[in-house]
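The values are calculated or read from the model by the stated rules, or taken from the named source; none is laboratory data. Since the structure is predicted, the reported quantities are computational estimates derived from the model, not experimental observations. Don't worry about glycine lacking a Cβ; one is built from the backbone with ideal geometry, like all the others, and counts go over all protein chains shown.
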Amino acid sequence: MNTALCRNRPGVYYFLIVLFVLTIAINICGLITGLKAAAVFLPFFAGMTAFFFQVFYDRKPILQLYSKSYPYRKLKLYGWISAFVLFEFILVWGMHTGQMPLQGEDLVVVNILLAGAIAYYHSFVRMKISLRFLFIGIFIPLAATGVTLGLGSYFGILRFILPVENIGNIVFLNSLYWIIASIFFQAVCEEPAFRGYLMQKLLYRGELSAVIVSSACYALWRMSFSIFAGRGIDEILILFSGNFITGAIFAVLFIKSRNLLTSIICHGIVDGIWRSFFAFETNPGIRQYIEFSSSWTGTQLAILWYFCFLAGLVLLTFIPRKKLYTNYK
């Protein structure tokens, strides 16, 4: 076995130990102090832990977290403009709807999103990216959502309703708001941690093993949010299974495209649509157009959604990569 790859193992163990100890500590502090910011800060600390290990423990450039292809373009003006416009949309629409009042923890979130916009810009403009898998990363969550809504209506899990007033534009803009914000958020939080760092460190075991182990660690880490939130065992198991499936999709996308941007965008769309499903008050989303027949049907819809993602994962495994790459050093 390659000795260089064997040296990756202690880094993986230390990374997981630090990550889970930090997760438990912050969750406990949140319970003691009454703060509800763990869902925002823990993903950011996960990303920062990956950056720390990449730079100070492995002594490698952060660039390798995002791509296994070297930069091949000069910085382009259109890339900077697109990142800036998307970031400004998040700020303007967030302040307009009251979703981001720019006080307290929101100021920290703005800085996280700004760092994500910068990471998005460099990974989109400067790195080679497979348009095929970029399209697939966008298609899978959108198709899964459409099929879920259709089957949910067919089986009587939900029914479509017309809102009291015409909020179509607000629903669309809010859904877009959450998707873009989630993409920028994932650019510096969970994706660099679990796909960019952890999975790449596990590739000495083989691609299949790396996908399974990294997805299981990701699902376990996400499960801590549900446990400390006091959710029931049934809901925890459903969320664990769903996070494992979606984590595997993100991992396979990164392996086949060799650019983390594909999994970042896919992850952002999944999170954004999820928020759109269950957003209320100042965050009207898709939920404004559907009505569940009972409280349990919301869980049934989540199960159906994850089954659609499982079908997407199966189809994704059969799509050939553009070129076989074997050097993961």
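Summary of values
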| quantity | calculated |
| --- | --- |
| Filter result for residue 135 (within 12 Å of residue 261 (Cα to Cα), under 19 Å from the mean Cα position of the chain (by Cα) and surrounded by fewer than 18 Cβ atoms within 10 Å (Cβ to Cβ)) | yes |
| Meets criteria (under 20 Å from residue 161 (Cβ atoms), at pLDDT below 90 and outside any helix (DSSP H, G or I)) for residue 284 | yes |
| Any hit, the stretch 120-130, residues being among the charged types (D, E, K, R) and free of Cβ contacts under 8 Å to residues at least 60 places away in the same chain | yes |
| Helices (runs of 4 or more DSSP H) enclosed by the stretch 105-206 - at least 1 residues per element that are within 30 Å of residue 291 (Cβ to Cβ) and out of contact with any helix residue (DSSP H, G or I) (no Cβ under 7 Å at 6 or more places or on another chain) | 131-154, 168-186 |
| Test for residue 216: is it surrounded by 21 or more Cβ atoms within 10 Å (Cβ to Cβ) and small (Gly, Ala, Ser) | no |
| In the stretch 139-174, the residues that are within 26 Å of residue 92 (Cβ to Cβ), crowded, with 21+ Cβ neighbours inside 10 Å and either modelled with pLDDT under 90 or within 11 Å of the chain's Cα centre (by Cα) (or both) | 174 |
| Residue 102 at pLDDT 90 or above, closer than 18 Å to residue 178 by Cβ and not β-branched (Val, Ile, Thr) | no |
| Residue 266 being closer than 17 Å to residue 189 by Cα and at pLDDT 90 or above | yes |
